[in-house]
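The values are calculated or read from the model by the stated rules, or taken from the named source; none is laboratory data. It should be emphasised that the depicted structure is a prediction, and the values quoted were computed from it without experimental measurement. Ideal geometry is used to build each Cβ from the backbone, glycine not excepted, and the neighbour counts take in all protein chains shown. With ligands, DNA and RNA removed, areas are computed over all heavy atoms of the protein, side chains included. Shrake-Rupley method; radii C 1.70, N 1.55, O 1.52, S 1.80 Å.
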Amino acid sequence: MPKKRAVSAQHAEPSVKLSTRGVARLQGRHPWVYRSDVVEAKDVPPGSLVRVHDLRGKFLGTALYSSSSQIAIRMVSHGSVADLPALVAERIRAAIAYRKELVSNTDAYRIVFSEADFLPGLIVDRYHDVLSLQILTQAMDAAPVREAVLQTLREELQPAGIVERVDPHIRELEQLPPLQSRLLWGEKSSTVISMNSGRMNGEETSGVRFHYDGLEGQKTGAFLDQRENYAAAAQYAHGEALDAFCYQGGFALHLAGKCSSVTGVDSSRPALEMAEKNAALNGRELEWIEANAFDLLREYAAAGRRYDTIVLDPPAFAKTKRDLEKALGGYKELNLRAMKMLRPGGILATCSCSFHVSSADFLKVVADAARDAHKSLRVVENRGAAKDHPILLNVPETSYLQCLILSVSN
Ligand code: SAH
């Protein structure tokens, strides 16, 4: 009798069967399987844990199921998982331990990066004593999972506040009820962060400080993925500098310690207002210009302006694969103009955060721009996102940021 009960309990667990193509994706160590490769998913509740099988019924592991996303399956284990909240808690602790090994000189960094931390659909950033989380999948939105996330973060990191940032479009896609960005726990949603202390430019510094407001701003409020690139760019920066697409001054404020003058350009007035506050926080004076950076670069180039250091960090031009050609055109134009304005010995730090633009694509488009600008440039560093945004091999979606630091010869 007991044996029979065990068997029927096992049958009660939701399970799915995958096509051969779906199985091949998992064997390629990619955690996602698209709905078109799910052959059978009977009575699987939205956001539930599912046991995953091939067509013959061979068990392949455990996944999170979404009833609405095109990505129906996100693997969480190649074995059995009985208790999702316990697994989530354990993986958050592992993600925190991983950062302890890799992250230094900052109190702002990404703690959990979704698939790259084996927690599909969960992002957690630390901003000094405020934590910011984003939930992107049905499974991570379930109340017991949320509870485990909050409890683990509180136990491990003792924050003064935890905010949730909501992307309404993603909740709609996942057919989750609408929510507002809000304070989830504690009392604090804004704070001051500090990064790149100690080792900037071979000199001891107290780092660069930024205001953070968890309930305002783009993305999760700051571009933490660029943290190490700020310090790298500052290492080579000199003379007169221009930071195009400066947002709240991430690159510009790091350059200010090295350059004789720094101008930041952005089309967003609120971003520049915060950039000015950040400058004051660091006791720096910079020039901020509200403008379309494309127009401004064209104008300045035509007027014969020259710089020693230029940073280009535009928003993602290629949101979909279809935009790729147009995006490459945009990158080429920007880089061409910047190269023309750089003095010999000048430094160009040029970035792309379009996932659809590969590292090879980006290198090629920047090389094409150099050819058209009739300049020879050397690659000083070819960089990506900071180490707290890990790239998971075989999961190209985790690699999206390129940052080339180039030196202009002539
Ligand atoms: N370098 C920044 C992040 C830049 S994000 C950092 O490290 O913090 C991209 C920025 O480009 C945003 O602030 C956005 O307001 C700005 N932007 C978008 N289109 C623009 C345009 N055409 N001209 C100038 N700025 C633009």
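Placing +1 on the Cβ of every Lys and Arg and -1 on the Cβ of every Asp and Glu, with nothing else charged, gives the chain a dipole about its Cα centre of roughly 1360 debye. Result for the chain in a Gaussian network model with C-alpha springs under 10 Å: among 54, 83, 266, the largest mean-square fluctuation is at 83. Taking a sphere under 10 Å around the Cβ of residue 267 and counting the other residues whose Cβ falls inside, with K and R at +1 and D and E at -1, yields a net charge of -2.
For the chain, the equivalent ellipsoid derived from the Cα gyration tensor has semi-axes of 43, 25, 17 Å, listed largest first. Roughly how many percent of the accessible protein surface of the range 359-410 is carbon and sulfur, given a 1.4 Å probe and a whole-percent answer? Ligands and nucleic acids excluded, carbon and sulfur reach 53 percent.
DSSP loop trypsin sites (Lys or Arg not before Pro) in the range 255-334 with at most 12 other Cβ atoms within 10 Å of their Cβ, which ones? Qualifying residues, ordered by number: 319.
Gain on full extension, evaluated as 0.36 nm per residue between residue 160 and residue 322 minus their Cα-Cα distance, stands at 54.0 nm. Summarising the overall dimensions of the range 53-100 from its C-alpha atoms, the Rg and Dmax are 13.4, 43 angstrom.
Which sequence of 309, 106 reflects their accessible areas, 1.4 Å probe, from the largest down?
106, 309
Within the shell defined by Cβ-Cβ distances under 13 Å, the residues around residue 331 carry a net charge of -3, with Lys and Arg each +1 and Asp and Glu each -1.
Only Cα sites of the range 284-410 enter the Debye sum here, all with the same form factor; the resulting log10 I(q)/I(0) across q = 0.12, 0.15, 0.16 1/Å is -0.46, -0.72, -0.81, listed in q order. Computed over every Cα-Cα pair of the range 222-296 and binned at 5 Å starting from 0, the pair-distance distribution P(r) comes out as 4, 19, 28, 27, 19, 4, 0 percent. Taking the DSSP bridge list for the chain and keeping only pairs wholly inside it, about 65 percent are antiparallel.
Counting only alpha carbon atoms, the long axis of helix 293-302 and the longest principal axis of the chain meet at about 20°. List, in the order given, every pair from 188/277; 319/364; 340/364; 258/364; 326/364 whose Cα-Cα distance in the structure shown is over 24 Å. Violating the 24 Å Cα-Cα cut-off are 258/364. Across 30, 211, the residue with the most accessible area heads the list, and the full order at a 1.4 Å probe is 211, 30. Computed over protein heavy atoms with a 1.4 Å probe, the accessible surface of the range 251-410 works out to 46 Å² per residue. Shape annotation for the range 67-183: C-alpha extents along the principal axes are 41, 36, 21 Å, from largest to smallest. Summarise the long-distance tail of P(r) for the range 1-130 by giving the % of C-alpha pairs beyond 25 Å. Roughly 35 percent, once rounded to a whole number.
Dipole orientation for the chain: of the candidates 268, 195, 394, 394 has the Cα lying most toward the positive pole (charges on Cβ; Lys, Arg +1; Asp, Glu -1).
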